[in-house]
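K.L.:
Take a look at this one; I'll ask things after.
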Amino acid sequence: MIIDQAWTKNAKKSKISKHSKQWWTENCSCSLNNYRSLRSLENWKKFKKIIKDTKRFFFDNKIQEISNKSHGLWELMNWIKRRKLPAIEAINHNGHPYLTLDSLWNVLHNTFNTALNCQVNLNIINKIEHKPSQDWYPFSKEEFKSAISKCSNTSVLGPDKLTWCHLKFIIKNDSCLTNIVNIADSCINLGYWPEYFKISSTIIIPKANKSLYDQPKAFHPIVLLNTLGKLIEKVVTNRLQFMVVQNNFIHPSQLGSLKFKSTTDTGIALTHIIRSGWAKGKSTSSLVFDISQFFLSLNHKLLVCILEKVGLDLRVSSFFANYLVKRRTSYMWNTFSSPMFDINVGVGQGSALSPILSFLYLTPFLYILEKHLKNLKIPISILSFVDNGLIITQNKSFDVSNSQLFCSYNVLSKLLDSFSLVIEHSKTEIFHFNRSQGFFNPPSLDLSPLGGLIL
């Protein structure tokens with residue numbers, strides 16, 4: 001009944017044609033009809049004025065609406081909208097073309113789940129501190145109202161085809177909102193995430209600025225979830241972020257995927273490090289690395305062990321242990337969709353919990369890496385932004401800096417193996433920041449013995 005009312009209120013009857021305009025109103029139609037019947041100059045001027053005023057009113061409201069959304073005015077840009085897949089002859093993988101839909105689904109699934117059989121060292125988590133257990137209180141209605149108010153009504157629909165607009169209408173009914181809150185509380189108390197919420201659609205979209213799109217790695221898998229499940233995930237995410245900040249679990253060098261820690265903070269931190277080095281007469285060298293298929297490579301067993309270290313209530317740890325397993329998805333390529341596939345590794349990009357879970361996955365890695373480098377007496381600073389990281393050193397000699405970066409990169413690569421993660425060596429870059437006004441030519445850094453490039 002409530003869903004039917006939501007649909008009736010928000011659904012629009014419209015006659016679509018090639019001349020359809022969103023800003024067109026009934027007043028415009030009446031003015032146009034008056035001009036067509038009388039054909040006078042005065043009516044024509046009235047018609048043009050009404051069109052001008054109507055357009056201005058419509059687009060002023062549109063700009064105001066967009067400016068209040070999560071992406072702000074960036075939503076007007078083409079690159080934030082849905083991308084069409086490029087026309088290609090066939091996907092090639094390991095030298096073999098895949099010409100049928102069945103073979104395409106299999107190669108995409110295998111590519112996006114390459115980390116499934118990778119081994120992890122669960123004992124490595126014992127090297128970090130176990131935070132004291134924190135209480136997990138029942139959810140409030142305000143948490144849900146706050147979370148849904150930030151959701152865009154234009155988001156791509158999940159498998160249930162329920163829009164945020166309709167769900168916003170539904171939760172205006174207090175009894176419906178109470179039931180949703182009770183569902184969320186029950187999930188935590190029982191340590192259970194319903195199978196209905198584990199079903200997803202995975203849209204395949206092309207990565208930007210690729211010269212060829214004939215390889216599976218040239219595409220992003222973006223997960224679309226059922227809307228009610230997404231809302232509960234958003235509320236859990238907000239609660240989880242507050243708790244990990246409160247108990248100081250996160251590593252100080254971690255930026256991104258957390259409130260008040262953005263790309264701007266990364267730039268400010270790096271600028272501060274560079275300028276503090278210059279004040280001491282030292283140049284700064286930074287090695288930038290990228291973790292290959294990071295979100296798709298997170299091991300579920302290790303992630304659950306990490307969440308236990310966070311100091312979460314045992315009910316919450318049990319919830320995530322169930323949340324991560326027995327997930328299923330259907331891949332979508334343009335208008336084609338695949339049968340259901342089992343997903344037993346990684347956290348899908350598109351889930352509200354994906355950023356915070358991936359963030360926490362790297363936290364113990366950074367603590368252990370910092371400890372290893374300290375034991376080796378290598379003076380290195382670290383900055384981490386989601387799946388990218390910077391190893392930073394400061395010296396008066398670039399040769400010394402290169403030596404320290406090489407050793408750090410070696411330690412980093414081996415430690416990532418224990419977390420079932422791999423560096424994408426082709427994306428590794430080095431940057432030197434020297435205060436000299438003239439041209440300077442720093443020595444190259446040879447990472448080929450570690451599987452990398454000569455930089």
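K.L.:
With the contact rule set at Cα under 8 Å and sequence spacing of 6 or more, what percent relative contact order holds for the stretch 234-320?
P.N.:
Computed over the stretch 234-320, the figure is 16 percent.
K.L.:
Out of the stretch 318-391, which trypsin sites (Lys or Arg not before Pro) are coil in DSSP terms and have no more than 16 other C-beta atoms within 10 Å?
P.N.:
K326, K377
K.L.:
Same structure, new question: Hey, got the dipole for the chain? About the Cα centre, +1 on K and R Cβ, -1 on D and E Cβ, debye to the nearest 20?
P.N.:
2020 debye
K.L.:
Which angle from 0 to 90°, rounded to the nearest 10, does the C-alpha axis of helix 354-375 make with the longest principal axis of the chain?
P.N.:
20 degrees
K.L.:
Suppose each label sits 7 Å from its Cα in the direction of the beta carbon; what would the S40-T25 distance come out to in nanometres?
P.N.:
Once both label points are built, they end up 2.3 nm from each other.
K.L.:
Which loop GluC sites (Glu not before Pro) in the stretch 129-194, with loop taken from DSSP, have no more than 16 other Cβ atoms within 10 angstrom of their Cβ? Could the numbers behind the result be given before it?
P.N.:
On the way: sites: E129, E142, E143; in loops: E129.
Qualifying residues, ordered by number: E129.
K.L.:
Residues with amide H under 5 Å of T202's amide H, sequence separation 5 or more or different chain, H placed in the peptide plane at 1.01 Å from N; which?
P.N.:
The list, which skips near neighbours in sequence, is L224, S330, Y331, M332.
K.L.:
Among 412-423, 443-454, how do they line up by average Cβ neighbours within 10 Å per residue, starting with the highest?
P.N.:
For the peptides 412-423, 443-454, the packing ranking is 412-423, 443-454.
K.L.:
Let me know the shape class of the stretch 116-214, please: from the alpha-carbon gyration tensor, a ≥ b ≥ c as square roots of the eigenvalues, rounded when a/c is under 1.5, otherwise prolate if a/b is greater than b/c, or oblate.
P.N.:
Working: a/c = 2.22, a/b = 1.08, b/c = 2.05.
Oblate.
K.L.:
To continue, here is another question. Go ahead and run the numbers for FRET between V156 and K259, Cβ-Cβ distance against an R0 of 22 Å, rounding to 0.05.
P.N.:
After rounding, the FRET efficiency stands at 0.35.
K.L.:
If amide H atoms are built 1.01 Å from N in the plane of the peptide, which residues on other chains or at least 5 residues away come under 5 Å of the amide H of I91?
P.N.:
Result for I91 returns Y98.
K.L.:
Right, something else. Counting only pairs 8 or more places apart or on different chains, how many lysine pairs in the stretch 149-260 have C-alpha atoms closer than 14 Å?
P.N.:
Count of close lysine pairs: 8.
K.L.:
Within straight cross-link reach of K301, meaning Cα distance under 17 Å, which lysines are found once same-chain residues fewer than 8 apart are removed?
P.N.:
Candidates past the 8-residue exclusion: K127, K309, K326.
K.L.:
For the stretch 201-339, what does the alpha-carbon gyration tensor say about shape, rounded, prolate or oblate, given a ≥ b ≥ c as the root eigenvalues, a/c under 1.5 as rounded, and a/b over b/c as prolate?
P.N.:
oblate
K.L.:
Right, another one. Apply the Karplus parameterisation 6.51 cos²θ - 1.76 cosθ + 1.60, with θ equal to phi minus 60°, to every residue of the stretch 107-122 and state each ³J(HN,Hα) to the nearest whole Hz, in sequence, with x for glycine and proline.
P.N.:
Using θ = phi - 60°, the values come out as 6, 5, 5, 5, 5, 7, 10, 5, 7, 4, 9, 6, 8, 10, 9, 5 Hz.
Laboratory data are not the source of any read-out in this text; all were calculated from the coordinates shown. Computed from a prediction, not measured in an experiment: that's the story for all the values here. FYI the Cβ positions are ideal-geometry reconstructions off the backbone, even for glycines, and counts take in every protein chain you see.
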